[in-house]
Amino acid sequence: MIEVQSLSRYYGVHRAVDDVSFTVGEHAVVGFLGLNGAGKTTTLKVIAGLLAASSGTVRIDGVDMATAPVSFRKSIGFLPETPPLYTEMTVSEFLRYVGRLRGMTVAATEARIPEVIAKAHLQGQENRVIDELSHGFRKRVGIAQVIIHKPRLVILDEPISGLDPKQIVEMREVVKGLAAESTVLVSSHILSEVQHTCSRVLVLHDGKLVADGSPDALSSRLGAATSIQITVSGSPEQVQTLLSAQPAVQRFTLGRSPHGHVTAAIELEGDARESLVAAIVGAGLGLRRLDDARDELEEIFMGLTKGGEA
Ligand code: ATP
């Protein structure tokens, strides 16, 4: 359904998206994962026809978005991170207004409103003024308005940002449910989010596509290495000798903690933390701390970019 071929997008001289290619089939829920500034929003806006590509092509159902008529672009639903809402309207009034704005007849809009209320899990909120809704409900009103005209492609930019844990769970269900009617692209900087909602994850880093696969495949690829930081009382020479003798230690860098202890940032092959701790204790060194060295997403990018091409 979506074919992206060698897509690049510059802002002035800054290359926000760098030679990205992928295809997406019908009714998939695909996650775009990346740190802030990775190029997710830019990529999604080009796909939605809201931004022009600097080079490369985006085709949706074979139609080139660079030359697609406005009517075709309207068949795509794009929800920005902050949903555009008329907050003085009630939920129903707003959906009625958006339906008409999208060229639907009064009858078609009225028939569709109960469907989108159900799809966005907004039952019971129809007559409430949007201004008085919680952040989570407002985000879901954003989703309801973006699907009112049954777009074949729905693009959601960071739909879970700013939501509390209960709202996040609800939003996951809403997003998954959209796939019955549409192909869904969703961006996030949180790995667990895309793991919960998406059948496929595309990882962007510095504008480049560094991985493309199922969440499970991504996790198992990353399972190959563990990054930890230890703090030990002992001499740097002792720590150096010990770590050099451990087969599971791929590489390490020594340092000093503010309290004068020796620190080591270590890349382990597999999760060999227990055997490493046993070796440290067995050598008579005092283990003060053992921490995961990087947060999950950072670890992914380190793992993925280290090996070069995805
Ligand atoms: P975020 O989650 O922070 O929105 P993102 O992955 O969606 O990040 P983009 O918003 O696509 O990333 O931004 C990619 C790069 O392009 C960033 O370096 C950003 O600063 C830059 N950028 C985005 N929009 C503009 C703009 N209108 N003008 C200039 N630079 C921009």
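Just to confirm my filter: which strands (runs of 3 or more DSSP E) fall fully inside the stretch 1-58 and include at least 3 residues that are away from the ligand (no atom under 15 Å from the Cβ)?
It comes to 2-11, 14-24.
Restricting to the stretch 159-191, name every residue that is over 15 Å from residue 30 (Cα atoms) and open to solvent by 60 Å² or more (accessible area, probe 1.4 Å).
Within the stretch 159-191, 162, 164, 165, 166, 169, 170 meet the criteria.
Of all residues in the stretch 184-196, count the ones that are modelled with pLDDT under 95 and more than 10 Å from the chain's Cα centre (by Cα).
Total meeting the criteria: 1.
What single numbered condition from (1) in contact (Cβ under 8 Å) with a residue 60 or more places away in the chain; (2) assigned to a helix (DSSP H, G or I); (3) surrounded by fewer than 19 Cβ atoms within 10 Å (Cβ to Cβ) fails to hold for residue 131?
Single failed check for residue 131: (1).
Looking at 103, 99, can you tell me which residue is touching a His at 6+ places or on another chain (Cβ under 8 Å) and in a helix (DSSP H, G or I)?
Numbers: 103 fails: in a helix (DSSP H, G or I).
Sole residue among the options that is touching a His at 6+ places or on another chain (Cβ under 8 Å) and in a helix (DSSP H, G or I): 99.
Could you check the stretch 241-296 and list, in sequence order, the residues that are acidic (Asp, Glu) and not in a loop (DSSP other than H, G, I, E, B)?
Once the filter is applied, which keeps residues that are acidic (Asp, Glu) and not in a loop (DSSP other than H, G, I, E, B), the stretch 241-296 yields 267, 269, 274, 291, 292, 296.
Of all residues in the stretch 247-275, how many are in contact (Cβ under 8 Å) with a residue 40 or more places away in the chain and crowded, with 17+ Cβ neighbours inside 10 Å?
Applying the first criterion (in contact (Cβ under 8 Å) with a residue 40 or more places away in the chain) to the stretch 247-275 yields 267-273.
Now narrow it down to the ones that are crowded, with 17+ Cβ neighbours inside 10 Å: 267-268, 272.
Result for the stretch 247-275: 3.
Could you go through the stretch 211-222 and let me know if any residue there is of a type in the set (Gly, Ala, Ser), closer than 18 Å to residue 195 by Cβ and modelled with pLDDT under 75. Write out each step before concluding.
The first filter runs over the stretch 211-222 and keeps only residues of a type in the set (Gly, Ala, Ser), leaving 211, 213-214, 217, 219-220.
Applying the additional criterion that residues be closer than 18 Å to residue 195 by Cβ yields 211, 213-214, 217, 219-220.
With the extra rule that they be modelled with pLDDT under 75, the set shrinks to 219-220.
Looking through the stretch 211-222, at least one residue is of a type in the set (Gly, Ala, Ser), closer than 18 Å to residue 195 by Cβ and modelled with pLDDT under 75.
The values are calculated or read from the model by the stated rules, or taken from the named source; none is laboratory data. Owing to the predicted nature of the structure, the values given are computational and were not obtained by experimental measurement. Cβ sites come from the backbone with ideal geometry, for glycine too, and all protein chains shown count toward neighbours. What goes into the accessible areas is simple: the full protein's heavy atoms, side chains included, and nothing from ligands, DNA or RNA. Shrake-Rupley method; radii C 1.70, N 1.55, O 1.52, S 1.80 Å.
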